[in-house]
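What follows is a short report on a single structure.
Any read-out appearing in this document is the output of simple, stated calculations on the displayed coordinates, not a laboratory observation. Worth saying up front: this structure is predicted, and the values here are computed from it rather than measured. Quick reminder, even Gly has a Cβ in these numbers, built from the backbone with ideal geometry, and neighbours come from all protein chains shown.
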Amino acid sequence: MTLIELIGVLAIIAIVAAALVPVLIRQMDKAAGDQESAALKALSTALQRSAQRHRYIPSDTDWASVVAAELGANASDVSTNGRRQPRLFLIDPGLRIGPGAGSGLPYRQGSRGSTNPASPRLMILSSIGQPLTNLVSGTPNTTNFNALWDWTDNSSSAPAPLTYLKRADDLKVQRLNLSPLFVHLVLTTNASDVANYSISTNAVNSQTDYVPVSPWLDQYFIMSSVLGLYTNNGSGLDSQQILTRNSSFIYEGGAWRNTLLGPASGGGGGVGIFPSAYSIVTNFLASPRNTANGASTQADVVQVLIDYMKVYDSWAGSNFTNSSLRSSAVATQALMITIMDKLCCNPVPPQGR
């Protein structure tokens, strides 16, 4: 082969390589991107599974170690991807999970649970190309968080604050909404009754010591928590429930029942005495609240209704001859009407009305 022929062959090989290498690189990037998307999904699943097992939701400082413990992996393999780029853990700036206002992450479930978790959104994101230099793990501002949350993976450009990325498909985002992780629990007692409950907390893997309902509990707990319902003196466990959905229980007549006029919670269950009332009260407690200033809640209405029924029953037991019981029934009835009015109407009407 002459020198000229050799040069010609090499030129042809160079042309073919120039055409094939970009295609090969794109295929390798696509494989790496698919692998990273699957890895981020597995990490989010592990985080939720860990939260249910330990009743603990980590913050940006310990999320990698918590997920690694759940997966039986090294924390460094969780915090960085296959191309040695860091994975970022972002928290919605509006997230509120704890029992009081201003409670963000980490969240450790206590006996009082959470007051209606607000904006419980998290993201895990990473890049298989350029480093994510404009972001760090933690709580970004609302504009940047929403831009990343609303960004679609097939967009031609990267979202703010990552618009400098030359290839938008290098960015991989796993979104995680924790709302389905929580179940709504309502416990109610008569005003004259004392009942107790226990719930799985982050402190121990078993139940807490029983605590009074006093006179009701209206909170949210992590799914799969174990609820214990105790008799009025706290010495005996009436029943145990694994919380897998929104639930309500009422302590009446020395026993816990699934809800107002529903079946007893322990020892057999069965169909409620009044299935229609059971459904009505359950739907009533689960309905949206009136958020106006001074409005009462569904639990307020249920409690005053129970109080009225009890005092009316006592009055009826006296053959309607006891004037003191009659006065109590009338007063409780008036209170019931007032609370219902505050639930249905705006308690603070606009000026001029």
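So here's what we get for this one:
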read-out: ³J(HN,Hα), Karplus 6.51/-1.76/1.60, whole Hz, each residue of region 37-45, x for Gly, Pro; value: 4, 5, 5, 5, 5, 5, 5, 5, 5
read-out: Debye equation applied to the C-alpha atoms of region 288-353, log10 I(q)/I(0) at 0.13 Å⁻¹; value: -0.45
read-out: Burial order of peptide ranges 4-14, 146-156 (average beta-carbon count within 10 Å, highest first); value: 146-156, 4-14
read-out: Reachable aspartates and glutamates, given that their alpha-carbon falls under 15 Å from the alpha-carbon of Lys30 and they are not under 8 places away in the same chain; value: Asp153, Asp169, Asp170
read-out: Ordering of 104-112, 285-293 by packing [mean C-beta count within 10 Å, highest first]; value: 104-112, 285-293
read-out: Separation of the Ala334 and Ala316 label points, Cα + 7 Å toward Cβ, nm; value: 2.3 nm
read-out: Calculated FRET value between Ile12 and Asn134, using beta carbons and R₀ = 25 Å, to 0.05; value: 0.05
read-out: Positive-end residue of Ala42, Thr152, His54, charge dipole of region 30-177 with Cβ unit charges; value: His54
read-out: Computed magnitude of the charge dipole of region 288-353 (debye, nearest 20; Cβ of K, R +1, Cβ of D, E -1); value: 140 debye
read-out: Least to most buried among Lys166, Lys30 (fewest other Cβ within 10 Å first); value: Lys166, Lys30
read-out: Cα gyration tensor shape of region 30-177, rounded if a/c is under 1.5, else prolate or oblate by comparing a/b with b/c; value: oblate
